[in-house]
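Structure first, commentary second.
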Amino acid sequence: MGGVEDDEPASKRLKLASGRLTGLSNGSSLTEPIVGSRDLMARPPQSEGDKEVLGSKGVIKRVEFVRIIAKALHSLGYKKSCAHLEEESGIPLHSSAVDLFMQQVLNGNWDESVVTLHNIGLKDENIVKSASFLILEQKFFELLDGDNIVDALKTLRTEIAPLCINNGRICELSSCIISSTRCDSVGSSNQDNGRIKPRSKLLEELQKLLPPTVIIPESRLEHLVEQALTLQRDACFFHNSLDKEMSLYSDHQCGRDQIPSRILQILEAHSDEVWFLQFSHNGKYLASSSNDRSAIIWEIDVNGGVSLKHRLSGHQKPVSSVSWSPDDHQLLTCGVEEVVRRWDVSSGECLQVYEKVGLGLVSCGWFPDGKWIFSGINDKSICMWELDGKEVECWKGQRTLKISDLEITSDGKQIISMCRPTAILLLDREAKAERVIEEDQTITSFSLSRDNRFLLVNLLNQEIHLWSIDGNIRLVAKYKGHRRTRFVIRSCFGGLEQAFIACGSEDSQVYIWHRGSGDLVEALPGHSGAVNCVSWNPANPHMLASASDDRTIRIWGLNSLHVKHKSAHSNGTHYCNGGT
């Protein structure tokens, strides 16, 4: 194993429907009567249970609670149940004036609906004007659609314009009088076909505009429940299960058993130290590289079992890293200051070799569209090639180091590399701009989050730093506990929504931290040599892989997981029944 001095860069061997209304299409009319005046609804005698507030904290207003339940029942189609709740509680979902207003909108009674709008108790005159504008705009378009141009012009001049709002829109409406083609483009912004929106769509827009005390927003109860579940999930320290497994019947809390902490398989096909490994984007494959000058593609079956698919030979030096193509159909492997090879995953055939005469390649990666690859060169430059080997572009200067990770954001705009022992360069290809992350300690490796917003940086002083690179660069968190004194140790994001951080360690353990809190969750023993690299399956939050100097790869899963295999040993793998 190659080592480093503490003052030098670490080198791993170089290593609507609302209320009781029926949504109508344009031109239709609904004359279903509005039952009674709910403002005068007989209220049952108040019992001791009819308190103004509900719940142990006294923060839930009873009237609001009942109205929201009634709204949910109506939205679910349980209209009779909604009516029964209103009658029994004496609390109407909407006032009679609001019901009348909504009915008038659906029936196209525009002048009456504007009058009613002024009588439903709105205190904000701006809201009244905005709602009136929407209603009268609909009236304008329907008149035009019926070739009633004179009345449409009258509506625009005597009803819409006097509102003195949205003058730009008024100019657009004026152009509709002159040109029907222009009218189509102006009026079609809110609907798929034609220039007139359905009246039900208009009512939805009005509901969003009016205060929630007047008309309860659609799906309000669902929103509150989702918010509660999300808060429970975010507060769950060990949360690593799919959201569909959450239930309304009990408070959500995951246990430690949701973290992969049991060794399910030991992969023993490499004949020397395993330096690097990475799952494919779809989680169906795992690639590893080793000091034995080979890389291996492993296949993951539907039961989670891992087996050797292809051994990739041809490098003349140890293989320091691998990189999956965006579609997972191809793989890049990089030899230590040697060449980069491109392989077909299905056949295991080498498709192309990328090299620079007299220079060595030290890192590799793909552009998001899969049409180009890039690599760090040992002369501190970064080069880009077409798949056929034609060099496209080369960024000279202090762009990368001999021992360096290399990443590119999913939009292809930023290339990320180590430009100095204590600095990471974020190079914007389009803007030709550069940003730099400065550390006090020597950087040994880094990893980019799936959403391109965060960078995980391993340091010589046995710390891992989490940096936000979305907008202003800032340090977010630090993770400590693992051991690193001599070699390059790599970390990764992982788990559901990448809520955890995993890292190898020279004490032969795998360390897992909670990303948000920074607290150590697990330290997993099992290897008999330094753990150089870890990778978390992006498609399976319960699968983790680790690569070690003990020449093995260990596949970690849940303690409760039982995987069936044909035999105890198969194709360079060993299946474990125990935890170690």
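The values are calculated or read from the model by the stated rules, or taken from the named source; none is laboratory data. On a predicted model such as this, the values are computed, not experimentally measured, just so you know. Cβ coordinates were reconstructed from backbone atoms using ideal geometry, including for glycine residues, and neighbour counts include every protein chain displayed. Heavy atoms of the whole protein, side chains included, go into the accessibility calculation; ligands, DNA and RNA do not. Shrake-Rupley method; radii C 1.70, N 1.55, O 1.52, S 1.80 Å.
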### Task
Would you be able to say whether some residue in the stretch 100-112 is in a loop (DSSP other than H, G, I, E, B), of a type in the set (A, V, I, L, M) and buried (at least 17 other Cβ atoms within 10 Å of the Cβ)?
no
#### Entry: strands (runs of 3 or more DSSP E) (entirely within the stretch 403-473) containing at least 3 residues that are closer than 15 Å to Val488 by Cβ and more than 21 Å from the chain's Cα centre (by Cα)
443-448, 454-459
### Message
I'm told Gly283 meets every condition in (1) more than 19 Å from His542 (Cα to Cα); (2) open to solvent by less than 40 Å² (accessible area, probe 1.4 Å) except one. Can you identify the failing condition by its number?
### Response
(1)
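Does at least one position in the stretch 244-253 carry a residue that is at pLDDT below 80 and open to solvent by 40 Å² or more (accessible area, probe 1.4 Å)?
Yes; the residues of the stretch 244-253 include at least one that is at pLDDT below 80 and open to solvent by 40 Å² or more (accessible area, probe 1.4 Å).
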### Task
Taking only the stretch 337-347 into account, find how many residues are closer than 16 Å to Asp327 by Cα and open to solvent by less than 50 Å² (accessible area, probe 1.4 Å).
4
### Query
Residue check: is Asp327 open to solvent by 30 Å² or more (accessible area, probe 1.4 Å), under 30 Å from the mean Cα position of the chain (by Cα) and more than 19 Å from Gln278 (Cα to Cα)?
no
### Message
Take Glu268 and tell me if it is open to solvent by 20 Å² or more (accessible area, probe 1.4 Å), closer than 30 Å to Lys309 by Cβ and among the charged types (D, E, K, R).
### Response
yes
### Task
Look through Gly516, Gly481 and report the one residue that is touching a Leu at 6+ places or on another chain (Cβ under 7 Å), of a type outside the set (S, T, N, Q) and over 18 Å from Leu558 (Cα atoms).
Gly481
#### Entry: Unmet requirement for Gly358, which otherwise passes all of (1) touching a Leu at 6+ places or on another chain (Cβ under 9 Å); (2) surrounded by fewer than 17 Cβ atoms within 10 Å (Cβ to Cβ)
(1)
### Task
Please verify whether the stretch 380-396 includes one or more residues that are under 26 Å from Leu277 (Cβ atoms) and of a type in the set (Gly, Ala, Ser).
no
### Task
Show the residue pairs that are 6+ apart or on different chains and have beta-carbon atoms under 7 Å apart, the first residue being within the stretch 208-230 and open to solvent by less than 90 Å² (accessible area, probe 1.4 Å), the second being among the hydroxyl-bearing types (Ser, Thr, Tyr) and modelled with pLDDT under 90.
Ile215/Ser18; Glu218/Ser18
### Task
Run Ile300 past the list (1) surrounded by 18 or more Cβ atoms within 10 Å (Cβ to Cβ); (2) within 20 Å of Ile555 (Cα to Cα); (3) at pLDDT below 95 and report the number of the one that doesn't hold.
(3)
